[in-house]
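The values are calculated or read from the model by the stated rules, or taken from the named source; none is laboratory data. All of these numbers come straight from a predicted model, not from anything done at the bench. Here Cβ is always computed from backbone atoms with ideal geometry, including for glycine, and neighbour counts include all displayed protein chains. The area values use the complete protein model at the heavy-atom level, side chains included, leaving out ligands, DNA and RNA. Shrake-Rupley method; radii C 1.70, N 1.55, O 1.52, S 1.80 Å.
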Amino acid sequence: MSTAPERFGSSFYRGLLPTAEQELYDAMLTRFEGGDYSGKLRLRTGESEAVFRAYSALRDDHPELFWLGGQCAFTPQTGDMRCAVLYTPDQIGRIRYQLRRCLFQLVRGTAGLPPVEREILVYERIARRLTYINNGDVRDHNIVGPVLLSAGVCEGYNALLMLALRRVGLPCIKVYGVGKSGGGHCWSVVWLEGEPVHCDVTWDKPSRGAVRFAYLNRSDCQIARDHGDFRRPGIPVCRSERWNYDALALSG
């Protein structure tokens, strides 16, 4: 068993940073959550590598900050930081509105359900909603493609799953690894009654109209059959197999 992260996982990667980098992370988060879409801020201190690590952790924890690109620059002499901003303020406002509508649709009807039933309902809705498309567009890799186009790649799928599961009270974090072809991949670890399990909604697209749930709530041993390189420092060990869909179907 692994202790579930605080704030439903939205500060998980922050917790893996040293104190000085956590302070950088917090300064960035305060500015970006406050509605500043300029991508510019001045940090009191920090070395370039520390700033980059804090920024990477921030983006992994907060997929709702979808307007932030993967690149940032930092000038140690002045403390000036500039992040890539992917959309205009007007576009960001309209996408945020559509995101709220999308999340409402994904979580409707979950109130009062046991945690695992909330999870299954949200997971199935996302699996049915999205189409895997990689056009080499940044929208495929954040929540914008899934929200506006019902399409994307693993990062987009996973971002939407994380936000929806957190909305229904389930801690959820992003996990990096590789797929069976050896290419980069990401999915989620979710906590159910304090037990972490792997969930890969990207690979559970419906087959002949039915969601397979083949990658819902898997242990390390189960997911390792075709997922690799996920046993990294800080990532919880997933031992439980009582929450996977086959076990739930048998117990029901």
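Some points to look at:
- Using only the C-alpha atoms, the convex hull of the range 17-120 corresponds to 123 Å³ per residue.
- Put Lys180, Lys174, Lys40 in order of accessible area, highest first, and with a 1.4 Å probe you get Lys180, Lys40, Lys174.
- Tyr132, Tyr13, reordered so the largest accessible area comes first (probe 1.4 Å): Tyr132, Tyr13
- The fraction of Cα-Cα pairs per 5 angstrom bin, counted from 0 for the chain, comes to 1, 6, 13, 17, 19, 17, 13, 8, 4, 2, 0, 0, 0 percent, rounded to whole percents.
- 0 to 90° range, to nearest 10: angle between helix 89-107 axis and the chain longest Cα axis: 20
- Separation of the range 216-231 from the range 144-213 is 13 Å, based on Cα centroids.
- Under the criterion of Cα pairs below 8 Å and six or more residues apart, the relative contact order for the chain equals 17 percent.
- You can think of it this way: the chain between Thr19 and Asp36 has 3.7 nm of extra reach, that is 0.36 nm per residue less the Cα-Cα gap.
- Taking a Cβ cut-off of under 12 Å around Val211, the surrounding Lys, Arg, Asp and Glu residues balance to a net charge of +4, with basic ones at +1 and acidic ones at -1.
- Short-range pairs are left out: with C-alpha atoms under 8 Å and at least six residues apart, the relative contact order of the range 1-129 is 20 percent.
- Stretch gain in nm, segment Arg94-Arg82, where the contour uses 0.36 nm per residue and the Cα spacing is subtracted: 2.0 nm
- The range 145-252: C-alpha gyration tensor shape, a/c 1.5 cut-off, then a/b vs b/c: rounded
- Eligible aspartates and glutamates near Lys180 by straight Cα distance, threshold 20 Å, same-chain separation 8 or greater: Glu155, Asp200, Asp204, Asp220, Asp226, Asp229
- Estimated [θ] at 222 nm from DSSP helical runs (n ≥ 4, -39500 (n - 2.57)) normalised by residues in the chain, nearest 500: -11000 deg cm²/dmol
- Within the range 85-208, the ratio Rg/Rh, alpha carbon atoms throughout and Rh by Kirkwood, equals 0.96.
- On Cα atoms only, tilt of 19-33 relative to the major axis of the chain in degrees: 90
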